[in-house]
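Chemist: Please see the structure below; I have some questions.
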Amino acid sequence: MSQYQTDIDSIASLKDKEGSAWNAINPESAARMRAQNRFKTGLDIARYTAGIMRRDMAAYDADPSKYTQSLGCWHGFIGQQKLISIKKHFNSTDRRYLYLSGWMIAALRSEFGPLPDQSMHEKTAVADLIRELYTFLRQADARELGGLFRQLDAAKAEERAAIQDKIDNFVTHVVPIIADIDAGFGNAEATYLMAKQMIEAGACCIQIENQVSDEKQCGHQDGKVTVPHEDFLAKIRAVRYAFLELGVDDGLIVARTDSLGAGLTKQIAFTREPGDLGDQYNSFLDVEEVTLDTMGNGDVVLKQDGKLVRPKRLPSNLFQFRQGTGEARCVLDCITSLQNGADLLWIETEKPHIAQIGGMVKEIRKVIPNAKLVYNNSPSFNWTLNFRQQVYDAMKAEGADVSAYDRTQLMSAEYDETELARQADERIRTFQADSAREAGIFHHLITLPTYHTAALSTDNLAKEYFGEQGMLGYVAGVQRKEIRQGIACVKHQNMSGSDIGDDHKDYFSGEAALKAGGAHNTMNQF
């Protein structure tokens, strides 16, 4: 028996117990409302979606072609429309998630207005967006199921079984969200408290980075400052405790290292003995040998290999690492994170290069064989230029004639129809599958896609509507395409919940219901 029928029967039993006071209650209507609200709390969502991610990770370990993907969101409506589109085009949400970007919260969700990605936005904005995303995804469930219920009511006897099967096997729009907690917005206690809010809102997976919280920078900008490993591991443990306290035992932690682009540290790591984790962190510092006579006032000195050395300190009071140590530091960061409670890794790179990523993963997997990455397919990369340059370099290394190309100008449209551009586009097309197979990337995401699509579509509309095309700029560029592509939002009243409201009015008031979906509703034109 389906859950839907079980709910009808159980509510019917309750109705019988309550007697005449419940005469107006329709058990099937109540069961429909239950079906439309499957997830009662954020913790229900977090537990459900954590299970999805755990199963997907196991499937990837068995077959690297089964990698997962997501797109970044800055509003509940954006996340909802992505999942509606995914279900429309693929009939499944398998291996497709949402990503919540701290960058987009800073740029688009702060009461201060647009901010850089430096953890200056309100702490509560992250949990608020998680809650909003899941509110919109649950509404998408309610909307689609409501349509199926109306079909069921209008169907002939021979059609009802097929519709009932769609209801019984309904695929929810609720999917995992990988949520960015930046560097924890403070100390480990602050990280724990913020993680609790995010989990209670529905987050099953929290991504945290090893930058200094009050010096936090966007991963693709300069000036990044990392913390010693023990500081970072304390925050990983804080997130794990938050998951366990709330009963989300399968909750996931993504440990992000920014060491590849971070040449600075604020602290000398505490060390008890040579070779321990603190000593390994300090071994990457850019130092110079000193004696008691050459030491200056206020100098910090270390003992390395039996010598007194002075780490180079900048006027900002930060210490710098030796050039060329970024990859080795990333590898150490990743190994220690996985050994101390993290589930997945994130290595922030300066370009999308499979050999670079794969080289680091190979070293990590010497210690942690099943290490897996979440990777930022970032709009901060110039994908066209990067891959055209990679193809150019490969062609040149193979002895091919590249005299027709200027490597520094390969972004130019004049190269768009060339063989080099064709090869570069093919590498971009297969980048996710290739790197999942060759570089251990379990999850591919684009952090800021809808930030850019919103700007692009608005630019096109403004150019046409305020120009010579006038209203045709909207009709031809937007509405006509919505109709012909079957975009549900063309019926924006339905998308906002008017049909759900009409159903409820019918349940609550019966024949007295004043409903919006009558003959004069202009939505009927669609």
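The values are calculated or read from the model by the stated rules, or taken from the named source; none is laboratory data. Computed from a predicted structure; not experimentally measured. When we count neighbours, we look across all protein chains shown, and the Cβ atoms used for this are built from the backbone with ideal geometry, even at glycine.
Chemist: Going by the structure shown, is Glu464 acidic (Asp, Glu) and within 30 Å of Gly358 (Cα to Cα)?
Modeler: no
Chemist: Do you know which of the residues in the stretch 462-514 that are buried (at least 16 other Cβ atoms within 10 Å of the Cβ) and among the hydroxyl-bearing types (Ser, Thr, Tyr) is nearest to Leu137 (Cα to Cα)?
Modeler: Once the filter is applied, the top-ranked residue is Ser498.
Chemist: What helices (runs of 4 or more DSSP H) completely inside the stretch 299-415 contain at least 1 residues that are in contact with a strand residue (DSSP E or B) (Cβ under 8 Å, 6 or more places away or on another chain) and crowded, with 16+ Cβ neighbours inside 10 Å?
Modeler: It comes to 326-339, 354-365.
Chemist: If I filter the stretch 172-185 down to residues being surrounded by fewer than 24 Cβ atoms within 10 Å (Cβ to Cβ) and either modelled with pLDDT under 95 or polar (S, T, N, Q) (or both), which single residue comes out as farthest from Ser213 (Cα to Cα)?
Modeler: Across the stretch 172-185, the extreme among qualifying residues is Thr172.
Chemist: Looking at (1) on the phi < 0 side of the Ramachandran plot; (2) crowded, with 16+ Cβ neighbours inside 10 Å; (3) in contact with an Asp or Glu (Cβ under 7 Å, 6 or more places away or on another chain), which is the only condition Leu137 fails?
Modeler: (3) is the only condition that Leu137 fails.
Chemist: Of everything in the stretch 38-74, what is at pLDDT 95 or above and within 26 Å of Val490 (Cα to Cα)? Give them in sequence order.
Modeler: Ser70, Leu71, Gly72
Chemist: When you go through (1) without any contact (Cβ under 8 Å) to a residue 60 or more places away in the chain; (2) out of contact with any Gly (no Cβ under 7 Å at 6 or more places or on another chain) one by one for Tyr465, which number turns out not to apply?
Modeler: Of the numbered conditions (1) without any contact (Cβ under 8 Å) to a residue 60 or more places away in the chain; (2) out of contact with any Gly (no Cβ under 7 Å at 6 or more places or on another chain), the odd one out for Tyr465 is (2).
Chemist: Moving on to the next point. Regarding the stretch 425-439, can at least one residue be identified that is touching a Lys or Arg at 6+ places or on another chain (Cβ under 6 Å) and surrounded by 15 or more Cβ atoms within 10 Å (Cβ to Cβ)?
Modeler: No, the stretch 425-439 contains no residue that is touching a Lys or Arg at 6+ places or on another chain (Cβ under 6 Å) and surrounded by 15 or more Cβ atoms within 10 Å (Cβ to Cβ).
Chemist: Mind checking which residues of the stretch 37-75 are buried (at least 20 other Cβ atoms within 10 Å of the Cβ) and farther than 20 Å from Ala179 by Cα?
Modeler: Residue satisfying the conditions is Tyr60 alone.
Chemist: Then there is this: Is it fair to say Lys515 is more than 28 Å from Tyr67 (Cβ to Cβ), in a helix (DSSP H, G or I) and free of Cβ contacts under 8 Å to residues at least 40 places away in the same chain?
Modeler: Taking the combined requirement at face value, the residue does not satisfy it.
Chemist: Does Ile163 qualify as being closer than 22 Å to Ile206 by Cα, among the β-branched types (Val, Ile, Thr) and in contact with a helix residue (DSSP H, G or I) (Cβ under 7 Å, 6 or more places away or on another chain)?
Modeler: The answer is no for Ile163.
Chemist: If you take the residues in the stretch 224-272 that are touching a strand residue (DSSP E or B) at 6+ places or on another chain (Cβ under 7 Å) and in a helix (DSSP H, G or I), which one is surrounded by the fewest Cβ atoms within 10 Å (Cβ to Cβ)?
Modeler: By that ranking, first place goes to Arg240.
Chemist: Inspect the stretch 201-218 for any residue being at pLDDT 95 or above and surrounded by fewer than 20 Cβ atoms within 10 Å (Cβ to Cβ) and give the result as yes or no.
Modeler: No, every residue in the stretch 201-218 fails to be at pLDDT 95 or above and surrounded by fewer than 20 Cβ atoms within 10 Å (Cβ to Cβ).
Chemist: Also, quick follow-up: Can you pull out every residue in the stretch 268-309 that is within 25 Å of Leu233 (Cα to Cα), of a type outside the set (D, E, K, R) and without any contact (Cβ under 8 Å) to a residue 12 or more places away in the chain?
Modeler: Of everything in the stretch 268-309, those that are within 25 Å of Leu233 (Cα to Cα), of a type outside the set (D, E, K, R) and without any contact (Cβ under 8 Å) to a residue 12 or more places away in the chain turn out to be Thr271, Pro274, Gly275.
Chemist: Within the stretch 113-146, track down each residue that is at pLDDT below 95 and not polar (S, T, N, Q).
Modeler: Gly113, Pro114, Leu115, Pro116, Asp117, Met120, His121, Glu122, Lys123
Chemist: Here is a list of conditions, (1) more than 30 Å from Asn382 (Cβ to Cβ); (2) at pLDDT 95 or above; (3) in contact with a Lys or Arg (Cβ under 9 Å, 6 or more places away or on another chain), and His443 meets all of them except one; can you say which number that is?
Modeler: With respect to (1) more than 30 Å from Asn382 (Cβ to Cβ); (2) at pLDDT 95 or above; (3) in contact with a Lys or Arg (Cβ under 9 Å, 6 or more places away or on another chain), His443 is out only on (1).
Chemist: A further question follows. Taking the conditions exactly as written (touching a helix residue (DSSP H, G or I) at 6+ places or on another chain (Cβ under 9 Å) and buried (at least 20 other Cβ atoms within 10 Å of the Cβ)), does Gln151 satisfy them or not?
Modeler: So Gln151 fails the test.
Chemist: Right, another one. Report, by residue number, each residue of the stretch 387-400 that is over 16 Å from Asp416 (Cβ atoms) and touching a residue at least 24 places away in the same chain (Cβ under 8 Å).
Modeler: Passing the criteria: Gln390, Met395.
Chemist: Does the stretch 330-360 hold any residues that are of a type in the set (Asp, Glu) and under 15 Å from Val254 (Cβ atoms), and which are they?
Modeler: Result: Asp333, Asp343, Glu348.
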